[in-house]
Amino acid sequence: MANTRMNRISSEYMQALASCMRSLKDPRVQGFVSITRCEVTNDLRYAKVYISVLGSDRDAQEAMRGLKSAAGYLRREAAQKAGLRAAPEPIFHLDNSIRHGADILSVIHEIENAPTPPPVTVRYTPEEAAAFLQNHDQFLILTHRRPDGDTLGSAVALCLALRALDKTAYLFPNPEVTPKYKWLVEGLEADAAFQPESILSVDIADLSLFPADAKRYGNRVDLSVDHHNSSRAFSRTLWCDSHAAATGEMILRLIDLLEVSLDESIANALYTAISTDTGCFKFSNVTAETFRAAARCADAGANIAGLNLDLFIIKSPSRIKLEGAVQANMQFFESGRIALVKIDRTMIRDMHITIDDLDGIAAISRNIEGVEIGITVTEQEEDCKISVRTCSRINAAEICEKFGGGGHRAAAGCNINGEINAVGKQLVDAAREVLLKS
């Protein structure tokens, strides 16, 4: 009976004390301060009062000081509200159990919502990659952000080849596909209801290059096919051939291993991939194998003349204006060995420049006699896109890797946050360092 009586008194005193605390004007006690437990002693002389404070350690200390300074007032008022003849003196103790519980829940939440760590990547040979494709189905093929001809042409050719094997295959609906390449992907993009079993990526060197909507597949890629020597492994399996001029060359090898015959549609896609990543066969990455691959596309019915016209010759009025502005405003350093091009948002807006108009603009600076390193800085909404082109003796990837990017020896890129002029200076400084040690 005694314990029951003291529990009732403790409960009533706790409620009365909590009501009195809410009436205090002391800002140290206002806010997330609450009583978690109260124990009145049998002689009613003291009450152990446990306080929880939601906030920082400093907030808790200040609240305890405020309560202790108001202890006399709280003692009288709480006893009167609880109808007690004796007035227990409140002895305040800090109770961190709620805060600790919140911390534990926060840690659990972080663990539950942490991204799945990337799988350990197994390096595949082309034969093993082809065997994987033969033994699986329900494919979704991913392309990279700001997709170019190589990633799209490679994805389309692979998708068509898998369909020729009576497999279900679709492209991820990349929202950044521009009008220049829209014809390639028509009828091949997955709808929202498609549930893939196997995820493939083509021409993607790093997870950061995934389109925003595709990031949910970041740690689910079963096979990645890529030709960048700076490729960072993120998939379960990877076939990477840095000697290939384009990923399209590698896809042609896979198609041969799958014993799929080239038709006009596959050939058009492959020629788009190979020709765009070699600057219509002008870049230093071109090999005899590149020409053989292009010849096979021609044999299979690819519209070589029409594709060359659309991809490399016809230019919009905005593109012509942009080229003029780039040539007029180009800056030179190190006696003309480094050229810098800056394309800011104002220029893009005033000239009505599209993504397609910017395609290949980075090659202009390297077309100038004496230039060994050409840098193009394009200002975007959130950052600056960097393209670096170099002569054969200088590694463009080495420059871009200083800023978290990568690519090939003669062509590389990265993204840098910052004001365009400051970013340009950073790039020139990095290029100068690489140039002078070469």
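Each reported figure results from applying straightforward, stated rules to the coordinates on display, with no laboratory input. In this text the structure is predicted, and so the values were computed from the model without any measurement. Neighbour counts run over all protein chains shown; Cβ positions are idealised from the backbone, glycine included.
From the residues Ser438, Ala47, Leu171, which one has its Cα farthest along the dipole of the chain in the positive direction, the dipole being from +1 and -1 charges on Cβ of Lys/Arg and Asp/Glu about the Cα centre?
The one lying farthest along the dipole's positive direction is Ala47.
Angle, helix 420-437 long axis vs. longest principal axis of the chain, Cα atoms, 0 to 90°, nearest 10?
Relative to the chain, helix 420-437 is tipped by roughly 60 degrees.
Taking the 0 to 90 degree range and rounding to the nearest ten, how far is the long axis of helix 288-299 tilted relative to the main principal axis of the chain, both from C-alpha atoms?
80 degrees
Please enumerate, by chain and number, the lysines with C-alpha under 23 Å from the C-alpha of Lys68, excluding those fewer than 8 residues away in the same chain.
Qualifying lysines at Cα under 23 Å: Lys25, Lys48, Lys81.
For volume of the Cα convex hull per residue in Å³, several values are listed as (i) 245; (ii) 229; (iii) 301; flag the one computed from this structure.
Working out volume of the Cα convex hull per residue in Å³ from the coordinates points to (ii).
In the structure shown, do any of Lys282/Lys402; Lys321/Lys437; Lys282/Lys342; Lys167/Lys282 have a Cα-Cα gap over 32 Å, and if so which?
Table pairs above 32 Å Cα-Cα are Lys321/Lys437; Lys167/Lys282.
Identify which of Arg145, Arg349, Arg216 has the largest mean-square fluctuation in a Gaussian network model of the chain, with springs joining Cα atoms closer than 10 Å.
It is Arg349.
On a straight-distance basis, which aspartates and glutamates could pair with Lys180 in a cross-link, Cα separation under 17 angstrom, same-chain partners fewer than 8 positions away excluded?
Within reach: Asp148, Asp150, Glu189, Asp277, Asp310, Asp356, Asp357, Asp359.
Within the chain, which is the longest segment that contains none of the GluC sites (Glu not before Pro) sitting in a DSSP loop with at most 16 other Cβ atoms within 10 Å?
Here the longest run is 1-175.
For the chain, with a Gaussian network of springs between Cα atoms less than 10 Å apart, report the residue from Asn329, Asn174, Asn96 with the top mean-square fluctuation.
Result for the chain, Cα springs under 10 Å: Asn96 fluctuates most.
Arrange Met351, Met21 by Cβ neighbour counts within 10 Å, fewest through most, would you?
By the 10 Å Cβ count, ascending, the order reads Met351, Met21.
Go ahead and estimate [θ] at 222 nm for the chain from helices alone: -39,500 (n - 2.57) per DSSP H run with n ≥ 4, summed, over the residue count, rounded to 500.
-12500 deg cm²/dmol
Please sort by residue number the trypsin sites (Lys or Arg not before Pro) in region 229-286 whose DSSP state is loop and whose Cβ has at most 16 other Cβ atoms within 10 Å.
For trypsin sites (Lys or Arg not before Pro) across region 229-286 that sit outside H, G, I, E and B with at most 16 neighbouring Cβ atoms in 10 Å, the list reads Arg232, Lys282.
Please report Val156, Val326, Val221 as a ranked list, fewest other C-beta atoms within 10 angstrom at the top and most at the bottom.
Ascending Cβ contact count within 10 Å gives the list Val326, Val221, Val156.
In nm, what is the difference between 0.36 nm times the number of residues separating Asp310 and Ala295 and their Cα-Cα distance?
Extra length available between Asp310 and Ala295 comes to 3.5 nm.
Nearest 20 debye, what's the magnitude of the dipole of the chain about its Cα centre given +1 on Lys and Arg Cβ and -1 on Asp and Glu Cβ?
Dipole of the chain, to the nearest 20 debye: 2500 debye.
Between helix 247-257 and the chain, what is the angle of the helix's C-alpha long axis to the longest principal axis, kept within 0 to 90° and rounded to the nearest 10?
Roughly 80 degrees, rounded to the nearest 10.
Please report the spacing between the Cα centers of region 153-195 and region 1-28 in Å, no decimals.
What the calculation gives is 69 Å, centre to centre.
Could you identify which residue out of Thr121, Thr36, Thr276 has the top mean-square fluctuation in a GNM of the chain using Cα springs shorter than 10 Å?
Answer for the Gaussian network model of the chain: Thr36.
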